[in-house]
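Chemist: Supplied in structure tokens, the structure appears directly below.
The values are calculated or read from the model by the stated rules, or taken from the named source; none is laboratory data. Predicted, not measured: the structure shown is a model, and the values here were computed from it. Quick reminder, even Gly has a Cβ in these numbers, built from the backbone with ideal geometry, and neighbours come from all protein chains shown. Accessible surface is based on the protein model in full, side chains and every heavy atom, while ligands, DNA and RNA are left aside. Shrake-Rupley method; radii C 1.70, N 1.55, O 1.52, S 1.80 Å.
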Amino acid sequence: MTDQKKRFYIKSFGCQMNVYDSGRMADIMETEGYVATSDMEDADIVILNTCHIREKAAEKVYSELGRVRQIKDARREAGKDMLITVAGCVAQAEGEEIVKRAPAVDIIVGPQTYHRLPELVARAHGGQRHIVDTDFPEEDKFKHLPLGSRRSPSAFLTVQEGCDKFCTFCVVPYTRGVEFSRPVAEIVDEAERLVASGAREITLLGQNVNAYHGAAPDGATCRLAALLERLGQIEGIERLRYTTSHPADMDEDLIVAHRDHPKLMPYLHLPFQAGSDRILAAMNRKHRVADYLAIIERLRAVRPDIALSTDIIVGFPGETDKDFEATLKLVDTVKFAQAYSFKYSSRPGTPAARLEAQIPDAVKSERLQVLQAQLKRQQIAFNQSFAGRTLPVLFDRLGRNAGQIVGRSPYLQAVHVPEGPELLGTIAEVEIVTAGPNSLEGVVNH
Ligand code: SAH
Ligand code: SF4
Ligand code: F3S
């Protein structure tokens, strides 16, 4: 009986790879006989999958832990136990420090060891407290992970992890470890299983996904363009995407793949971080503004309709008004369909945190506001250019209102249509009627 089963609750605080990891942890818990719950009060085990990228993200975990502890206490009074697990990049970065601030935590597990969850949970049930597992083991965690059968028309698949780039502001090389590419056969196998459980679109994930260099079955090294080509041969896959890319790894094969592979969507997320060569050098980004612009030009030459997205940081130490204006200028030149922009956040242990010329928060806020206003204008203009046009939409979720479903255009815009759930998992031609700042609305061409 389901009622007898133990329940797990899991919440993601981070990037798409963090969301993917949460899915794999859910697979583990289901294999262990647990069922998922969206109600924390019901949960025998709570897993918070955390993010360390900016101070705000990391601090959010501690306020959440305060809330979880209250629920744990209430459950205990009712004679029920609850294990609290902190997983992800804060777990990796802070380890034992977490139990000092939040002693109610039972298990701390990093992004490279969560395949050991069953063993860690057993130890906790055996009475051990404050278990910390933040190794970078030799073994490949993917070989030890069960694959569940969660159904979604659009799925993530991690193909590459870690990072050797060491941008001076970034914690990822420390929280995720060195760069590692999964072998092609393992990825093909996972993709086939995702398709069998209903996926039509797969987004390949990596901290530096275009640095992918996995082993092909014949022993040769396979780069991302070739991997995309191989996955495109799987029957049932209609759409492929990849994220996040680094400009220094944007090779010609990958660029022309956007012309040659019909399943590869015309959308690219390519962070540039800053529009001044001086700041890019201080960030250790390994590319200059001119390199970035050359890649964009080349991409648009082979695929004129490609939609571009990016990440930008304002207020990196030493950033002057002139440097910031160069960022605005680069945005103005490229014209992005979408973008994520952040105030620089000083992270413990990173080289940039030790730089003297830290920028006052008020200046960062003002720059962010100016930049975001400009990005928003570009996003609106991009969306509005689709009014009256017809786009193929892959429907992947129910809308908030009954009688409405939501899908994605090739350019990753959310598209709302008044249709029933029977269209989920299908691609239909949609005539766009209204274009808002964050989404489109339309009607299916029957
Ligand atoms: N691997 C990806 C990015 C990972 S983090 C890449 O290399 O592009 C996602 C984004 O967070 C980064 O692109 C950057 O814009 C932002 N970011 C990372 N560290 C930051 C920090 N210390 N302060 C503010 N933003 C940061
Ligand atoms: Fe961080 Fe830079 Fe690596 Fe991206 S490339 S994960 S920003 S160190
Ligand atoms: Fe955050 Fe870790 Fe992803 S720090 S952005 S969850 S890799």
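Chemist: Across the range 79-120, what is the total count of residues that are under 22 Å from Asp27 (Cα atoms) and within 16 Å of ligand 3 (Cβ to nearest atom)?
Modeler: Adding up the residues that qualify gives 15.
Chemist: Can you tell me which condition Phe180 does not meet? The list is (1) under 23 Å from the mean Cα position of the chain (by Cα); (2) open to solvent by 40 Å² or more (accessible area, probe 1.4 Å); (3) within 30 Å of Met82 (Cα to Cα), and all the others hold.
Modeler: Here Phe180 meets the rest and fails (3).
Chemist: Taking strands (runs of 3 or more DSSP E) that do not extend beyond the range 92-173, which have at least 2 residues that are among the hydroxyl-bearing types (Ser, Thr, Tyr) and surrounded by 14 or more Cβ atoms within 10 Å (Cβ to Cβ)?
Modeler: 154-158
Chemist: Further question: For Thr37, indicate whether it is modelled with pLDDT of 95 or more, β-branched (Val, Ile, Thr) and under 27 Å from Phe342 (Cα atoms).
Modeler: no
Chemist: Right, Glu30: away from ligand 2 (no atom under 16 Å from the Cβ), farther than 27 Å from Ser154 by Cα and surrounded by fewer than 19 Cβ atoms within 10 Å (Cβ to Cβ) or not?
Modeler: So Glu30 fails the test.
Chemist: When only residues in the range 159-188 that are among the β-branched types (Val, Ile, Thr) and under 20 Å from Leu224 (Cα atoms) count, which is nearest to ligand 2 (Cβ to nearest atom)?
Modeler: Val178
Chemist: Going by the conditions given, is Ala215 open to solvent by 20 Å² or more (accessible area, probe 1.4 Å), of a type in the set (A, V, I, L, M), more than 16 Å from ligand 1 (Cβ to nearest atom) and in contact (Cβ under 8 Å) with a residue 12 or more places away in the chain?
Modeler: Yes; evaluated as a whole, the condition is true for this residue.
Chemist: A further question on this structure: Looking at (1) open to solvent by 30 Å² or more (accessible area, probe 1.4 Å); (2) of a type in the set (A, V, I, L, M, F, W, C); (3) more than 16 Å from Ala282 (Cβ to Cβ); (4) in contact with an Asp or Glu (Cβ under 9 Å, 6 or more places away or on another chain), which one does Ala357 not meet, given that it meets all the others?
Modeler: Exception for Ala357: condition (3).
Chemist: Listed residues Asp73, Asp21; which is assigned to a helix (DSSP H, G or I), within 16 Å of ligand 2 (Cβ to nearest atom) and of a type in the set (Asp, Glu)?
Modeler: Step by step, each of Asp73, Asp21 is checked, and only Asp21 is assigned to a helix (DSSP H, G or I), within 16 Å of ligand 2 (Cβ to nearest atom) and of a type in the set (Asp, Glu).
Chemist: Do you know which residues across the range 359-394 are of a type in the set (S, T, N, Q) and in contact with a helix residue (DSSP H, G or I) (Cβ under 9 Å, 6 or more places away or on another chain)?
Modeler: Correct list: Gln374, Gln378.
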